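Below is one structure, written out as structure tokens; the observations come after it.
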């Protein structure tokens, strides 16, 4: 079963921001090698456009295949340009978990490995009720424990803060990532 959270919103940007939550561990590979994401499995896929915010959350391990099916069918229909705070992460996860290549047009961080919490603090962006204060690992632990409500709140917050980052400081070219 997939838990779906949808909101109508009004924003002033073109395209779609994507944010993924995962379980698993990073592999020991170089930053620009996608294999560092090969042991991660998506549990939540969220996106925000100028008109809507959508979060799709797998309700347990049995729903991961359904999340994959829905994500793979939705991604081609999302309005471009595509953005992510750390697009190497999303590209690597989609490549290794779903076997698809997703081209992002913009990166919302200032540099690789920038913590979103610092960006929000520097830009005066609220945390939008994130129960984990920009700590994704805590979201993963909550999801594993079945706390889907807080995991969804975290992804929703990530999407709203990433939207604000885009509006306040724009985007940059995506970092290089070799899909291996």
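The values are calculated or read from the model by the stated rules, or taken from the named source; none is laboratory data. Everything numeric in this text was worked out from a predicted model, so none of it was measured. Cβ sites come from the backbone with ideal geometry, for glycine too, and all protein chains shown count toward neighbours.
Can you pull out every residue in segment 94-103 that is in a helix (DSSP H, G or I) and at pLDDT 90 or above? Selection gives 94, 98. Condition check for residue 65 on (1) surrounded by fewer than 17 Cβ atoms within 10 Å (Cβ to Cβ); (2) at pLDDT 95 or above; (3) under 20 Å from residue 10 (Cα atoms): one failure, at (3). Just so you know, in segment 129-164 the residues that are more than 17 Å from residue 20 (Cα to Cα) and in contact with a helix residue (DSSP H, G or I) (Cβ under 8 Å, 6 or more places away or on another chain) include one that is surrounded by the fewest Cβ atoms within 10 Å (Cβ to Cβ), and it is 129. For segment 75-90, residues that are in a loop (DSSP other than H, G, I, E, B) and either under 14 Å from residue 173 (Cβ atoms) or within 8 Å of the chain's Cα centre (by Cα) (or both) total 3.
Among the residues making up segment 114-143, those that are in contact (Cβ under 8 Å) with a residue 12 or more places away in the chain, closer than 23 Å to residue 172 by Cβ and not in a loop (DSSP other than H, G, I, E, B) are 116, 117, 119, 120, 123, 136.
Tally the residues that are touching a strand residue (DSSP E or B) at 6+ places or on another chain (Cβ under 6 Å) and surrounded by 23 or more Cβ atoms within 10 Å (Cβ to Cβ), restricting the search to segment 72-89. The number of residues fulfilling the criteria is 3.
Scanning segment 10-33 for residues that are closer than 25 Å to residue 141 by Cβ, at pLDDT below 95 and in contact with a strand residue (DSSP E or B) (Cβ under 6 Å, 6 or more places away or on another chain) yields a total of 3. Taking segment 104-126, which residues are surrounded by fewer than 19 Cβ atoms within 10 Å (Cβ to Cβ), under 14 Å from the mean Cα position of the chain (by Cα) and at pLDDT 90 or above? Once the filter is applied, which keeps residues that are surrounded by fewer than 19 Cβ atoms within 10 Å (Cβ to Cβ), under 14 Å from the mean Cα position of the chain (by Cα) and at pLDDT 90 or above, segment 104-126 yields only 106.
Checking each residue of segment 158-179 against the condition of being assigned to a helix (DSSP H, G or I) and more than 23 Å from residue 13 (Cα to Cα) gives no match. Taking segment 134-180 as the range and being at pLDDT below 95 and at positive phi as the test, the residues that pass are 134, 170.
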